[in-house]
Amino acid sequence: MTAEPISERSTEEFYDELASSYNDIIYRCAPRYDEMQMTMVDYVPNDLQPLRILDLGCGTGNLTLRVLEAFPEAEVVALDLSAEILDVCRRQCGTDRVSYLQQDFHSLDLPDAEFDLVVSSIAIHHVDDPAKQRLFNDVYASLRHDGVFTFVDQFRGETPGIYRRHMEVWKLFADSKGIPAEEWEMWMEHQQQHDYHATVGQQIAWLRQAEFQQVDCLWKHVLWTLLTARKVLE
Ligand SMILES: C[S@@+](CC[C@H](N)C(=O)[O-])C[C@H]1O[C@@H](n2cnc3c(N)ncnc32)[C@H](O)[C@@H]1O
């Protein structure tokens, strides 16, 4: 058995500890949290009737609940690294239309050509750039023909100046929500230790390298960006 990288064990511990308070905290930390997830669901192509959906880094299940509601025929696999947050997700979803997988993005073990739709919200930036590229390949393999991969996440600015401004504007938002100083410090410490922001241009290129087509940016606000991509076999 191979040991997990230390930083990922720490990410797991971080979200284990945050699990019960996550839903209170996320709205004062992520601007336009509902809007970004609702836009993701709105842009799932009309010709796709997803029956099998995978939510990568499901957390407490806020996006899982949205796709359950939007696609009443679908079953969802909710995947996360943290056992504690999966427990909260299980309680919050409360339906047998969801099954749960405790897996690490670094070592995903997914069935081939299984899912019609793979979604993810604010999770993929927890792995470094080579791991993101492997993840995109894994997602591609797990999708059925015509399947869609769509994710919203924190992205780096294309220039250091834009990235710096993103961080300043994020802090202004957090201040406007009255975030306690120690909570902001907690996020900044977490970010320095465990977050790997890549640019929109880089991630679009990696999706194309993974053979995805119809790659596009659907929505953007400060760091938060929504991408979509489709597996189209000739
Ligand atoms: C900021 S939360 C987002 C949760 C949820 N998707 C949402 O939008 O509210 C990030 C989630 O990604 C999970 N995560 C972080 N690194 C991971 C990894 N290497 N493998 C699987 N899940 C991971 C965390 O445990 C956490 O639940």
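The values are calculated or read from the model by the stated rules, or taken from the named source; none is laboratory data. Note that this is a predicted model, so its numbers are computed, not measured. Cβ atoms come from the backbone with ideal geometry, glycine included; neighbour counts cover every protein chain shown. These area figures cover heavy atoms from the full protein model, side chains too; ligands, DNA and RNA do not enter into them. Shrake-Rupley method; radii C 1.70, N 1.55, O 1.52, S 1.80 Å.
Close Cβ contacts (under 6 Å, 6 or more residues apart or on different chains) running from residues in segment 11-30 that are acidic (Asp, Glu) to residues that are surrounded by 13 or more Cβ atoms within 10 Å (Cβ to Cβ) comprise 12/81; 12/82; 16/82; 16/84.
With the requirement that a residue be open to solvent by 10 Å² or more (accessible area, probe 1.4 Å) and of a type outside the set (A, V, I, L, M, F, W, C), what does segment 41-55 give you? So that I can check it myself, show each step before the final result.
Our first condition is that a residue be open to solvent by 10 Å² or more (accessible area, probe 1.4 Å); within segment 41-55, this holds for 41-49, 51-52.
The answer is 42, 43, 45, 46, 47, 49, 52.
Looking across 87, 34, 80, 24, one residue alone is over 16 Å from the mean Cα position of the chain (by Cα) and modelled with pLDDT of 95 or more. It is 87. Which residue out of 53, 85 is in contact (Cβ under 8 Å) with a residue 60 or more places away in the chain and farther than 30 Å from residue 184 by Cβ? Selected residue: 53, the only one of 53, 85 that is in contact (Cβ under 8 Å) with a residue 60 or more places away in the chain and farther than 30 Å from residue 184 by Cβ. Restricting the first member to segment 111-130 and to residues that are β-branched (Val, Ile, Thr) and more than 13 Å from the ligand (Cβ to nearest atom), and the second to residues that are in a strand (DSSP E or B) and open to solvent by 10 Å² or more (accessible area, probe 1.4 Å), no beta-carbon pair is closer than 6 Å while six or more apart or on different chains.
Tell me, please, whether a residue that is surrounded by fewer than 20 Cβ atoms within 10 Å (Cβ to Cβ), assigned to a loop (DSSP other than H, G, I, E, B) and more than 10 Å from the ligand (Cβ to nearest atom) can be found in segment 79-93. Checked segment 79-93: no residue is surrounded by fewer than 20 Cβ atoms within 10 Å (Cβ to Cβ), assigned to a loop (DSSP other than H, G, I, E, B) and more than 10 Å from the ligand (Cβ to nearest atom). The residues of segment 94-105 that are in a strand (DSSP E or B) and either surrounded by 15 or more Cβ atoms within 10 Å (Cβ to Cβ) or within 13 Å of the ligand (Cβ to nearest atom) (or both), listed by number, are 98, 100, 101, 102. Among the residues of segment 56-72, the ones that are open to solvent by 40 Å² or more (accessible area, probe 1.4 Å), in contact (Cβ under 8 Å) with a residue 24 or more places away in the chain and either under 18 Å from residue 87 (Cβ atoms) or part of a loop (DSSP other than H, G, I, E, B) (or both) come to 1 in all. Output the qualifying pairs, or none if there are none: Cβ atoms under 6 angstrom, residues six or more apart or on different chains, first residue in segment 143-155 and closer than 22 Å to residue 59 by Cβ, second residue open to solvent by 10 Å² or more (accessible area, probe 1.4 Å) and assigned to a strand (DSSP E or B). From residues that are closer than 22 Å to residue 59 by Cβ, the pairs are 148/230; 150/228; 152/121.
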